[in-house]
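The values are calculated or read from the model by the stated rules, or taken from the named source; none is laboratory data. All figures in this text were calculated on a predicted structure; none of them were measured in a lab. Backbone-built Cβ (ideal geometry, glycine too); neighbour counts: all protein chains shown. Ligands, DNA and RNA are excluded from the accessible area calculation, which covers all protein heavy atoms including side chains. Shrake-Rupley method; radii C 1.70, N 1.55, O 1.52, S 1.80 Å.
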Amino acid sequence: MNSLVIPAYNEEKRIRGTIKSLLKLKNFELIFVVDGDDRTADIVREFKESNKNIRLIKPVVRKGKWAAVILGFRNAKGEYVGFVDADLPVTLDDIKNGFRLIKSADIVIGSRTARGSVVKRTLLRKIYSRLFNLYIRILYGLPFGDTQCGFKVFKREVINKIIPRIRTRGWETDVELLHTALRMGFKVAELPVTWHEVSGSHLKVKSMLKMIFNLLKLRFSI
């Protein structure tokens, strides 16, 4: 069995469609970690009643996206565990391919810059993304063209070894996790994805600037 964690913060407008799509996956447990204050949890409960492979976790306190993801990982039962953003920006085929590829790697990261990727996003978003990736390459020396894609898969034993070393729990955790994984000698494979930009993203300019500052501060403390 595979485990897929879906962190969801105030996603009541689109979580129903995400659940319907993910239920098409076979041999997956779907772990929804809902830490918002809208009706998202109620909608997940509706589906949970008739689908035994759906699980719902409701943290008492919201601590950020990666706190939700890690909580889901710790409760996962599968040999391979992954996460995908609640707006489902990648296709079901991408998810299936990621869980196939993990058998020959330690970590699989969705990549919007890998050859074969199909990306639909605004020009401004493309520019932001390229500048951010350049910043990460300079600061951390990571060889990846895309650290922030909202789909990643891990072997259970690998993520269990990495999690205790991770200090952050916000948007910058993707970078810290990959940096830590390479330092520990794990193999990271990049997966081309079909990506579409979804309106209503929770990552705002203020959060982006905070993440850039946090990554700079983190780099000089590790």
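Does Gly145 satisfy the condition of being touching a residue at least 24 places away in the same chain (Cβ under 8 Å) and out of contact with any Phe, Trp or Tyr (no Cβ under 7 Å at 6 or more places or on another chain)? Criteria met by Gly145.
Just one residue in the set Val69, Val118, Val60 is farther than 25 Å from Phe144 by Cα and among the β-branched types (Val, Ile, Thr); that residue is Val60.
For the stretch 102-116, check the following and say yes or no: at least one residue is hydroxyl-bearing (Ser, Thr, Tyr) and assigned to a loop (DSSP other than H, G, I, E, B). Among the residues of the stretch 102-116, at least one is hydroxyl-bearing (Ser, Thr, Tyr) and assigned to a loop (DSSP other than H, G, I, E, B), which makes the answer yes.
Residues considered: Thr113, Thr91. Of these, the only one that is open to solvent by 30 Å² or more (accessible area, probe 1.4 Å), within 19 Å of Asn27 (Cβ to Cβ), among the β-branched types (Val, Ile, Thr) and touching a residue at least 24 places away in the same chain (Cβ under 8 Å) is Thr91.
Take the conditions of a type outside the set (Asp, Glu), open to solvent by 10 Å² or more (accessible area, probe 1.4 Å) and touching a His at 6+ places or on another chain (Cβ under 7 Å) and apply them to Lys77. Does it pass? Answer is no for this residue. Checking each residue in the stretch 117-127 for being part of a helix (DSSP H, G or I) and surrounded by 15 or more Cβ atoms within 10 Å (Cβ to Cβ) picks out no residue at all.
For the stretch 186-197, the count of residues that are modelled with pLDDT of 95 or more, of a type in the set (D, E, K, R) and open to solvent by 40 Å² or more (accessible area, probe 1.4 Å) is nonzero.
Sort out which residues of the stretch 52-65 are in contact with a strand residue (DSSP E or B) (Cβ under 8 Å, 6 or more places away or on another chain) and open to solvent by less than 60 Å² (accessible area, probe 1.4 Å), and write them in order of number. Asn53, Ile54, Arg55, Leu56, Ile57, Pro59, Lys65, listed by residue number. The set of residues in the stretch 135-175 being closer than 26 Å to Lys77 by Cβ and among the acidic types (Asp, Glu) consists of Glu157, Asp174.
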